[in-house]
Amino acid sequence: TILSRETAPLAAEQDMFVNNTEASSTGGLAIAVPGEIAGLYEAWKMFGRVEWAQLIQPTITLCEEGFEVVKSLASAARSYETTIREDPNLAEIFIKEDGELIEEGDIITNEKLGQTMRRIAQDPMSFYTGSLAQDIVDDI
């Protein structure tokens, strides 16, 4: 069995959200340490038949070349437009160069995620240690 659920950060405390319940769902304190990369890597080491980087490449391509916005994504973006506009990271993806929100049929990309996935393709554990891990912490 491979367990790859998220884990609480080392600095987490039982009462850390008592005086600020919004912090449990928004912002850096709401983020757990993701276990998916480590879990997928363990499964690959046990059962993989192709190179690790080859498994990651389709995700990199999707991030860099983009994909077409479908109706449900455009609708969800409209529902969260205020949040998207207030968050520079979300706006970078969901707000077009002309300042308008994405619409059905638009192509969206995520270059930063593509760069992160390239680093994970080279060294999956870099997500948890080293410069990639530090870059993620700094962004949060």
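Okay, here's what the table says:
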| read-out | value |
| --- | --- |
| Projected-area average for segment 1-49 over all orientations - Cα convex hull basis, square nanometres | 4.4 |
| The chain: most fluctuating residue of 104, 65, 22 per GNM, C-alpha cutoff 10 Å | 22 |
| All Cα pairs of the chain, percent lying beyond 25 Å | 44 |
| Spin-label pair residue 97/residue 43, simplified geometry with 7 Å Cα→Cβ offset, distance in nm | 3.8 |
| Sorted by Cβ neighbour density within 10 Å, fewest at the top, the residues 102, 107 | 107, 102 |
| Cβ-derived FRET efficiency at R0 22 Å, residue 12 paired with residue 36, nearest 0.05 | 0.70 |
| Packing-based exposure ordering (other Cβ within 10 Å, fewest first) of 127, 47 | 47, 127 |
| Given charges at beta-carbon only (K, R positive; D, E negative), |dipole| of the chain in Debye | 640 |
| Dipole magnitude (debye, nearest 20) for segment 1-49, charges at Cβ of Lys, Arg, Asp, Glu | 380 |
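Laboratory data are not the source of any read-out in this text; all were calculated from the coordinates shown. What you see is a predicted model; the values in this text were computed from it and never measured. With ideal geometry, Cβ positions are generated from the backbone for all residues, glycine too; neighbour counts draw on all protein chains shown.
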